[in-house]
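A.B. asks: Sharing a structure with you now.
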Amino acid sequence: MIKWFKSINWYRLNRNLHRDIGYFCIGFSIIFAVSGIAVNHIADWNPNYAVERQTKQVDDSDWLTLDDQQIIQRMQSSFDLTQAVKSSFWQNKNQFEVFLDDGDTLFWDRRQHQVSYQDIEPRVILQALNKLHLNETRNAWVYFSDLFAGMLIFLALSALFMVKGKHGPAKPKSIVLMSLGVFIPAFFLFLS
Amino acid sequence: MKTKQFIAAAILLGSLVGTSQAATDFGEGVNRDYLVPVSILMASPEDYLENAVTIEGTIVGVCEHRGCWMTIASDKRFQTLRIKVKDGEMVFPLTARGKKALATGQLQALRYDLEQTREIKAHYAKEAGEAFDAASVTEPMTMYQLVPTGVSILD
């Protein structure tokens with residue numbers, strides 16, 4: 001047993017594992033990195049939907065004499081829309097909202113004499129990546145995510161034993177770089 | 001070989017995209033036995049704080065960025081009730097607006113002091129394009145929202 005143990009080339013085994021696990025993690029890393037950037041900037045933009053708004057002034061002087069269906073037709077014709085209508089809602093006596101079949105909405109502001117059209121386009125790929133990143137799928141993905149986290153820990157630790165000589169981990173440059181990986185997060189913790 | 005690679009990539013991408021569109025049920029499911037019209041609930045909300053309730057109505061608002069809340073229209077004109085979850089616990093799709101939803105959960109009271117009440121009312125007045133006089137608000141208010149354990153969006 002000891003003989004067998006000693007016969008293993010640990011340096012080579014570590015390099016091979018680091019290489020193969022690294023290949024395996026490429027897809028995971030890209031998914032988490034891309035959606036991580038998207039979710040990080042959630043205050044500045046919507047990572048799940050592209051939302052465009054257009055507003056038009058309308059002559060709505062006689063609209064209050066119409067029923068809801070007729071008002072909806074007028075609102076749709078303001079933007080040449082033909083989508084089916086899911087439902088409508090009076091927010092208050094001056095604001096009327098119409099929900100269209102594909103998630104778009106029309107909004108009539110009676111005081112401003114304006115109709116706004118909100119066009120919603122799901123960012124399909126990014127939405128799917130975010131869903132994985134934020135673990136909305138739950139279930140089996142929890143185990144895959146844990147496995148990925150474990151593999152990242154292995155990649156980090158095995159990297160210490162990848163290179164010997166002047167670029168090894170005990171050299172000053174390597175120690176500085178490793179220390180930065182600890183001090184930068186610690187600095188932001190200190191600031192918070 | 002290239003065909004196989006293309007098929008593998010398409011399956012991976014398809015499964016990812018598929019997961020984003022399938023789910024219309026969130027959490028532990030809804031219980032119709034607890035169904036209470038929103039207008040009844042809002043007429044005496046303090047009576048319902050201790051019990052699980054289910055509400056039903058059209059979704060008229062969704063949190064655009066995080067999908068962490070939805071507004072449900074009441075059976076009473078101009079009245080709504082907000083459903084609120086912790087970020088990421090359930091993510092409601094923006095495209096759900098206009099669909100019917102059922103939600104089971106606990107009604108929560110948000111009690112504001114006078115200063116906060118004035119700020120909130122000023123915000124609502126601005127949104128509605130109405131004039132607002134802070135001095136007209138003399139009483140602190142309580143708002144109610146449903147913290148759901150289960151939500152079902154009906155297609």
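A.B. asks: Name the residues in the stretch B:30-48 that are part of a helix (DSSP H, G or I) and either among the small types (Gly, Ala, Ser) or over 16 Å from the mean Cα position of the chain (by Cα) (or both), would you?
C.D. replies: B:32, B:33, B:34, B:39, B:40, B:43, B:45, B:46, B:47, B:48
A.B. asks: Sticking with this one: Could you please give the count of residues in the stretch B:75-90 that are surrounded by 21 or more Cβ atoms within 10 Å (Cβ to Cβ) and either facing chain A (nearest Cβ under 10 Å) or over 20 Å from residue A:127 (Cα atoms) (or both)? First the steps, then the outcome.
C.D. replies: Let us first name the residues in the stretch B:75-90 that are surrounded by 21 or more Cβ atoms within 10 Å (Cβ to Cβ), namely B:81, B:83, B:85, B:90.
Going one step further and asking which of them are either facing chain A (nearest Cβ under 10 Å) or over 20 Å from residue A:127 (Cα atoms) (or both), we end up with B:81, B:83, B:90.
Final tally of qualifying residues: 3.
A.B. asks: A further question follows. Out of everything in the stretch A:101-124 that is aliphatic (A, V, I, L, M) and more than 7 Å from chain B (Cβ to nearest Cβ), what residue ends up being farthest from the chain's Cα centre (by Cα)?
C.D. replies: Our first condition is that a residue be aliphatic (A, V, I, L, M); within the stretch A:101-124, this holds for A:106, A:115, A:120, A:124.
Still in the running and more than 7 Å from chain B (Cβ to nearest Cβ): A:106, A:115.
On the way: A:106: 27, A:115: 31 Å.
Applying the filter and picking the extreme gives A:115.
A.B. asks: Which of the residues that make up the stretch B:44-63 are of a type in the set (Val, Ile, Thr) and closer than 17 Å to residue B:28 by Cβ?
C.D. replies: Of the residues in the stretch B:44-63, the ones of a type in the set (Val, Ile, Thr) are B:53-55, B:58-60, B:62.
Within the stretch B:44-63, B:53, B:54, B:55 meet the criteria.
A.B. asks: Same structure again: How many residues does the stretch B:126-155 contain that are surrounded by 14 or more Cβ atoms within 10 Å (Cβ to Cβ), of a type in the set (A, V, I, L, M, F, W, C) and out of contact with any helix residue (DSSP H, G or I) (no Cβ under 8 Å at 6 or more places or on another chain)?
C.D. replies: Counting residues in the stretch B:126-155 that are surrounded by 14 or more Cβ atoms within 10 Å (Cβ to Cβ), of a type in the set (A, V, I, L, M, F, W, C) and out of contact with any helix residue (DSSP H, G or I) (no Cβ under 8 Å at 6 or more places or on another chain) gives 4.
Conditions (1) within 12 Å of the chain's Cα centre (by Cα); (2) assigned to a loop (DSSP other than H, G, I, E, B); (3) within 14 Å of chain A (Cβ to nearest Cβ), marked per residue:
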{"position": "B:92", "(1), (2), (3)": "yes, yes, yes"}
{"position": "B:106", "(1), (2), (3)": "no, no, no"}
{"position": "B:118", "(1), (2), (3)": "no, no, no"}
{"position": "B:126", "(1), (2), (3)": "no, no, yes"}
{"position": "B:131", "(1), (2), (3)": "no, yes, yes"}
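A.B. asks: Quick check on residue B:113: is it more than 30 Å from residue A:112 (Cβ to Cβ) and surrounded by fewer than 12 Cβ atoms within 10 Å (Cβ to Cβ)? Even if it seems obvious, please write down each step before you answer.
C.D. replies: Details: more than 30 Å from residue A:112 (Cβ to Cβ): yes; surrounded by fewer than 12 Cβ atoms within 10 Å (Cβ to Cβ): yes.
Yes: the conditions hold for residue B:113.
A.B. asks: Further question: Of the residues that sit in the stretch A:69-100 and are basic (Lys, Arg) and within 14 Å of another protein chain (Cβ to nearest Cβ), which one is surrounded by the most Cβ atoms within 10 Å (Cβ to Cβ)?
C.D. replies: A:86
A.B. asks: If you take just the helices (runs of 4 or more DSSP H) that sit entirely in the stretch A:1-99, which of them hold at least 1 residues that are β-branched (Val, Ile, Thr) and at pLDDT 95 or above? Explain how you work it out, then say what you get.
C.D. replies: Details: elements: A:2-7, A:10-40, A:68-78.
Qualifying helices (runs of 4 or more DSSP H): A:10-40, A:68-78.
A.B. asks: How many residues are surrounded by 10 or more Cβ atoms within 10 Å (Cβ to Cβ), closer than 25 Å to residue B:92 by Cα and either modelled with pLDDT under 60 or more than 16 Å from the chain's Cα centre (by Cα) (or both) when one looks only at the stretch B:1-27?
C.D. replies: Filtering the stretch B:1-27 for residues surrounded by 10 or more Cβ atoms within 10 Å (Cβ to Cβ) gives B:6-21, B:23-27.
Cutting the leftovers down to closer than 25 Å to residue B:92 by Cα gives us B:12-21, B:23-27.
Add one more test, that the residue is either modelled with pLDDT under 60 or more than 16 Å from the chain's Cα centre (by Cα) (or both), and what stays is B:12-21, B:23.
Total satisfying the criteria: 11.
A.B. asks: Inspect all residues belonging to the stretch A:141-162 and state whether any of them is farther than 30 Å from residue A:82 by Cα, in contact with a Pro (Cβ under 8 Å, 6 or more places away or on another chain), assigned to a loop (DSSP other than H, G, I, E, B) and more than 14 Å from chain B (Cβ to nearest Cβ).
C.D. replies: No, the stretch A:141-162 contains no residue that is farther than 30 Å from residue A:82 by Cα, in contact with a Pro (Cβ under 8 Å, 6 or more places away or on another chain), assigned to a loop (DSSP other than H, G, I, E, B) and more than 14 Å from chain B (Cβ to nearest Cβ).
The values are calculated or read from the model by the stated rules, or taken from the named source; none is laboratory data. Every value quoted in this text rests on a predicted model; they were computed, and no experiment measured them. Cβ coordinates were reconstructed from backbone atoms using ideal geometry, including for glycine residues, and neighbour counts include every protein chain displayed.
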